[in-house]
Amino acid sequence: MTSEHLKVGIRIRPLLGHEAAFESVVSIENVNHIQETTVNVVDGEHFLSSKFDKVFPSISNQENIFEFISPSIQQSLKGFNTTIFAYGQTGSGKTYSMFGSNWENNNPAPQNYYISTNKLTKITENHPLDNLEGHGLIPRSISQVFESTSTENLTIYTSFLQIYNEKIFDLLQETSNPRPLAIRENKMYGIFVEGLAEYIVENKNDCFLLLAKGDSNRVVRQTKLNQHSSRSHTIFQMLIETDKANKKGALKKSKLNFCDLAGSEKYDKENKMTNEHIKEMTQINKSLTSLGKVIHELGRKKSIHIPYRDSKLTRLLQDSLGLSTRTILIATISSSSSCIEETINTLKFADRAKQVMVKAKKNEVSAL
Ligand code: ADP
C-alpha cells in the first residue's frame, strides 16, 4: 500500500468575449518546474499565492490536461480505484475539461438505439471516437481504457448518474418520469445506488454513445456566466474487471469515477432568478459546502468525525474520497478580475484538498 497526497491540478481558462473589459489577475511561476507550480492571484485588494502539483496556463490544450491524469487511468486498469473531479465556479471550464469544447453542439443525444436490461444491444448510430481533438478527459480516458481491452481481457460496466436537488437519478434510464434512487451500503458492494443501471460496454464507441446519451439528460440552465450551466453533479463510472486471476487466485476489480460537480454560483441581483433556480443554487452551494467540510476533515492529521452523511454527494463519494482511492482534483478558474472572489475560494478549496493523504491499495477479489 502506498501513501500519497491527493493530486491537484489547476486549469486557468482564457478570458472570454464578454470579459474583454476585465484584466487578468492570475499569474503563474515555475511553469516548467517538475515538482510543483505556483499560482498567484493579485489585485489591489486580494492576494493569494499557492503551490499545486500542476497549474495549466490558459494556452494549455486538452491533451496537456489528459497527460496529467493518464498515469492514474493506467493504474485503474491494474486494480486501483480512481476518481477524477472537476471543481470550480460556474463558467470556469469544468465541462470543457471533462467532456470537451463545444460538447453539447458537437455531441447531440444519439437517437435510434436501444439498451436492454444491462447490455447495450444495438446501435444504429455511430459516435466515432477516432478523432480526439477538442475532447476532454472522459472521452480520452474511455479511449485509453479500451486500448487496454485489446491486450487484456477486461469487462467494463458503465453507469451514469446525476444528483439534482439532493436526489439521485439514473441518466441512462429511458423513462419520461425518472424516479429518485436510494443510496445503500452493504459488506459486499460497499456504498451503492440501488436500481442504478450498469451496462456492459464492449467498445469505446458504445461507451462514448452512453456518455453522450446520459449527458443529454442532465439538467442545465442558462446562468449569468454560462449558457449551458450544469445544475447537477454527475458521476460517470466505469467498473473494470479482469478475468485473469493472479498467482493467489485473486481477480482485479476497480472503479474509475469521473465527477463533474455543478458550479457554485452567487445570487444574481441584476437578473431576477426564478424560485426553481434559487432552489437549485441553494442545494448546489449546500452540497459543495459539505464536500468542503469532508475535504477539510480528511486533510487534518487527527479527525474525529468525517461528515460524509451531510449530503448525497459526500455520501456517494465516501469510497472515492476515503483513503483507498487515487483521487485527482482538477480545479478550474477564470483569470478575469470579475471572478476574483470565486477564484480565490476555488484555490482555497484546492489547497485544502492537497492536504488529504490517500493510501491507494489494489482491489482484488477471490476468483473462487
Ligand atoms: P462550467 O462547466 O465550469 O460551468 P464550461 O466548461 O461550460 O463551464 O465553460 C464555460 C465557457 O467557457 C464555454 O463557452 C467554454 O467553451 C469556455 N471555456 C472553458 N474553458 C475553456 C478553455 N480552457 N479554453 C477555451 N474556452 C474555454
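Below is a table of values for the structure above.
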{"quantity": "Scope segment 186-200; condition assigned to a strand (DSSP E or B) and over 22 Å from the mean Cα position of the chain (by Cα); matching residues", "calculated": "Asn186"}
{"quantity": "All positions within segment 59-84 that are outside any loop (DSSP other than H, G, I, E, B), open to solvent by less than 10 Å² (accessible area, probe 1.4 Å) and either near the ligand (Cβ under 8 Å from one of its atoms) or of a type outside the set (S, T, N, Q) (or both)", "calculated": "Ile65, Ile69, Ile73, Ile84"}
{"quantity": "Qualifying positions in segment 304-340 - within 16 Å of the ligand (Cβ to nearest atom) and of a type outside the set (A, V, I, L, M)", "calculated": "Thr332, Ser334, Ser335, Ser336, Ser338, Cys339"}
{"quantity": "Residue count, segment 172-217 (criterion: open to solvent by 40 Å² or more (accessible area, probe 1.4 Å) and closer than 22 Å to Gly100 by Cβ)", "calculated": "4"}
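The values are calculated or read from the model by the stated rules, or taken from the named source; none is laboratory data. Quick caveat, the model's predicted, so the values are computed rather than measured. All Cβ positions, glycine included, derive from the backbone under ideal geometry; neighbour counts span all protein chains shown. What goes into the accessible areas is simple: the full protein's heavy atoms, side chains included, and nothing from ligands, DNA or RNA. Shrake-Rupley method; radii C 1.70, N 1.55, O 1.52, S 1.80 Å.
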